[in-house]
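Enquirer: Pasting a structure below so you can have a look.
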Amino acid sequence: MLLSVAMMVGNAAAEPSADATEWATAISKHAKDGRVIVFRYVTEFRPSFVKASLPDRVILVWRYETLSGLPAAAEREEMDRMEDMLSPFVEKVGFGMLAMVSTGNGFREWTYYVRSEDEFLKALNVALAGERRFPIEVHTGPDPQWSTYERFRRGIRQ
């Protein structure tokens with residue numbers, strides 16, 4: 001698959017973790033069908049931040065039906081609402097950070113790096129308590145080198 005990437009630097013729309021100081025957006029376009037994937041990711045961290053302090057990776061996946069590859073407006077708003085609900089519970093200095101989000105090809109993925117996957121899952125349940133069940137899958141695993149994030153960053157062409 002051939003992808004071309006364009007990058008736009010700016011601050012995130014959502015309130016970022018205090019560990020993340022700058023965000024960017026990249027758009028990947030499939031050469032054959034023109035479908036896009038939109039990426040939002042951290043580009044700068046506070047000077048004293050050490051990635052290894054958040055050694056566990058948690059990926060939340062929300063799948064959706066689409067012809068275009070991107071979610072319908074109402075579903076995108078629900079995704080944004082869920083992210084906003086999670087932010088105050090999981091994006092605290094020393095606890096966790098949303099490092100990147102990708103949207104396209106029928107799903108949105110949020111990649112968090114956290115101190116502990118168990119603590120994150122508890123915070124997730126507290127943050128979403130009382131809400132209808134969001135259609136998300138949760139994938140966790142150790143990634144003290146932030147290899148998923150670093151692999152993505154190396155793939156960006158500016």
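Enquirer: Lysines near Lys51 by alpha-carbon distance under 22 Å, same-chain residues fewer than 8 away left out - which ones?
Expert: The reachable lysines, counting only those whose Cα sits under 22 Å from Lys51, are Lys92, Lys122.
Enquirer: For the range 27-40, just list the computed ³J(HN,Hα) in residue order, Karplus coefficients 6.51, -1.76 and 1.60, θ = phi - 60°, integers in Hz, with x standing in for Gly and Pro.
Expert: 10, 10, 10, 5, 5, 8, 10, x, 5, 10, 10, 9, 10, 10
Enquirer: Further question on the same structure: Could you tell me the calculated FRET efficiency between Arg132 and Val38, based on Cβ-Cβ distance and R0 = 35 angstrom, to the nearest 0.05?
Expert: On the way: r = 26 Å, r/R0 = 0.73.
Approximately 0.85, to the nearest 0.05.
Enquirer: Take the alpha carbon gyration tensor of the range 26-92, find the square roots of its eigenvalues, order them as a ≥ b ≥ c, and report rounded if a/c is under 1.5; if not, report prolate when a/b exceeds b/c, else oblate.
Expert: Numbers: a/c = 2.67, a/b = 1.56, b/c = 1.71.
Here the range 26-92 falls in the oblate category.
Enquirer: What number comes out for the charge environment of Val50, summing +1 per Lys or Arg and -1 per Asp or Glu over other residues with Cβ under 15 Å away?
Expert: Working: positive: Arg46, Lys51, Arg115; negative: Asp19, Glu44, Asp56, Asp143, Glu150.
Result for the neighbourhood of Val50: -2.
Enquirer: Let me ask another. For the chain, give the percent of accessible area contributed by carbon and sulfur heavy atoms, probe 1.4 Å, rounded to a whole number.
Expert: Working: 4560 of 8520 Å².
That share works out to 54 percent.
Enquirer: Something else: Using modelled amide H (1.01 Å from N, peptide plane; none on Pro or chain starts), what sits under 5 Å from the amide H of Thr43, excluding residues fewer than 5 places away?
Expert: Distant-sequence amide H within range of Thr43: Glu22, Trp23, Ala24.
Enquirer: Another one. Sticking with the crude label model, points 7 Å out along Cα→Cβ, report the distance from Val93 to Gln145 in nm, one decimal please.
Expert: The modelled label-to-label distance comes out at 2.9 nm.
Enquirer: Sticking with this structure for a sec: Summing +1 for each Lys or Arg and -1 for each Asp or Glu, what net charge is found among the other residues whose Cβ lies under 10 Å from the Cβ of Trp23?
Expert: Residues near Trp23 contribute -1 overall.
Enquirer: Let me ask something additional. Whole-Hz ³J(HN,Hα) for each residue in the range 78-85, computed from phi via Karplus 6.51 cos²θ - 1.76 cosθ + 1.60 with θ = phi - 60°, x for glycine and proline: what do you get?
Expert: Whole-Hz 3J(HN,Hα) from phi for the range 78-85: 5, 4, 5, 4, 4, 4, 5, 5.
Enquirer: Taking the Cα centre of the chain as origin, work out the dipole magnitude from +1 charges on Lys and Arg Cβ and -1 charges on Asp and Glu Cβ, in debye rounded to 20.
Expert: Values: 20 positive and 22 negative charges, 111 e Å.
That gives a dipole near 540 debye.
Enquirer: I've got another one for you. Give me the net charge of Gly94's neighbourhood, meaning all other residues with Cβ under 10 Å from the Cβ of Gly94; Lys, Arg count +1, Asp, Glu -1. All intermediate terms of the calculation are to be shown ahead of the outcome.
Expert: Details: positive: Lys92, Arg115; negative: Asp19.
Cβ neighbours under 10 Å give a net charge of +1.
Enquirer: In deg cm²/dmol and to the nearest 500, what is the mean residue ellipticity at 222 nm of the chain if only DSSP H runs of at least 4 residues count, each as -39500 (n - 2.57), divided by the residue total?
Expert: Working: 3 runs with 38 residues, N = 158.
Calculated mean residue ellipticity at 222 nm is -7500 deg cm²/dmol.
Enquirer: What would the Debye formula give as log10 I(q)/I(0) at q = 0.15 Å⁻¹ for the alpha-carbon point model of the chain, no solvent?
Expert: Here log10 of I(q) over I(0) equals -0.81.
The values are calculated or read from the model by the stated rules, or taken from the named source; none is laboratory data. Source: prediction; values computed, not measured. Note: ideal-geometry Cβ built from the backbone for every residue, glycine included; neighbour counts use all protein chains shown. To get the accessible areas, we keep the full protein, side chains included, count just its heavy atoms, and leave off ligands, DNA and RNA. Shrake-Rupley method; radii C 1.70, N 1.55, O 1.52, S 1.80 Å.
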